[in-house]
Structures are given as C-alpha cells and as structure tokens.
1. State which residue pairs qualify: first residue surrounded by 10 or more Cβ atoms within 10 Å (Cβ to Cβ) and inside the stretch 2-14, second residue of a type outside the set (Gly, Ala, Ser) and at pLDDT 70 or above in any location, beta carbons under 9 Å apart, and separation of 6 or more residues or different chains.
2. Just to be sure I understand, how many residues within the stretch 40-85 are in the same structural domain as residue 13 (by TED's automatic domain parsing), exposed (fewer than 11 other Cβ atoms within 10 Å of the Cβ) and assigned to a helix (DSSP H, G or I)?
3. Would you call residue 40 at pLDDT 75 or above, over 25 Å from residue 73 (Cβ atoms) and over 13 Å from the mean Cα position of the chain (by Cα)?
Amino acid sequence: MATAKSSQYRHLLFALLVAATSTLMSVGRVEAEAPLPDYVIKKFGKPPTVPKGALSKELQAAVKAAFIDSATQSTWGRAQTAALS
C-alpha cells in the first residue's frame with residue numbers, strides 16, 4: 001500500500017513539475033520576444049538566436065531518457081548521464 005501511495009505522489013509531483021515548467025517556458029518566450037534596450041545590448045551583447053520548430057528525434061530521445069525515464073523509474077544511470085551530455 002505504501003508503494004502505491006508513493007507512486008501516486010511521484011506521478012503527481014512529476015505532473016506539477018511539467019505544468020510549472022510549461023508555464024515558465026511560455027512566460028520566458030513572451031519576454032524574449034520584446035526588444036532589448038540598447039544599454040542591455042551594449043553591456044551584454046546581442047542574445048543568441050533561439051531555434052524554432054520541433055526538436056530533432058535525437059534530442060527528443062535524450063530528453064526522454066534524462067528527465068522522463070529517470071523520474072518514472074526513480075533511477076539515474078549511464079543512459080541518463082549520456083543523454084544529458
């Protein structure tokens with residue numbers, strides 16, 4: 001019984017993490033589209049261009065191995081380390 005509850009909590013925590021990350025990513029995207037003031041560009045330089053479109057199959061597989069598989073399996077192994085690299 002304790003295992004089922006901890007599994008439910010783990011899935012709930014993971015869902016909340018995904019929702020929070022999605023929200024923060026959309027907020028950051030809106031801020032990034034606003035033009036930067038000249039003094040910011042003068043101090044830090046022009047920001048790099050951000051690629052648009054879908055992630056490549058290789059990057060999708062790496063994200064899945066590093067973040068999704070490790071969260072659902074509660075382990076971090078060689079596959080996750082390689083994917084993060």
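1. 10/72; 11/72; 14/68; 14/72
2. 3
3. Values: at pLDDT 75 or above: yes; over 25 Å from residue 73 (Cβ atoms): yes; over 13 Å from the mean Cα position of the chain (by Cα): yes.
Considered against the rule, which asks whether it is at pLDDT 75 or above, over 25 Å from residue 73 (Cβ atoms) and over 13 Å from the mean Cα position of the chain (by Cα), residue 40 comes out as yes.
The values are calculated or read from the model by the stated rules, or taken from the named source; none is laboratory data. Nothing here was measured: the structure is a model prediction, and the numbers come from that model. Cβ sites come from the backbone with ideal geometry, for glycine too, and all protein chains shown count toward neighbours.
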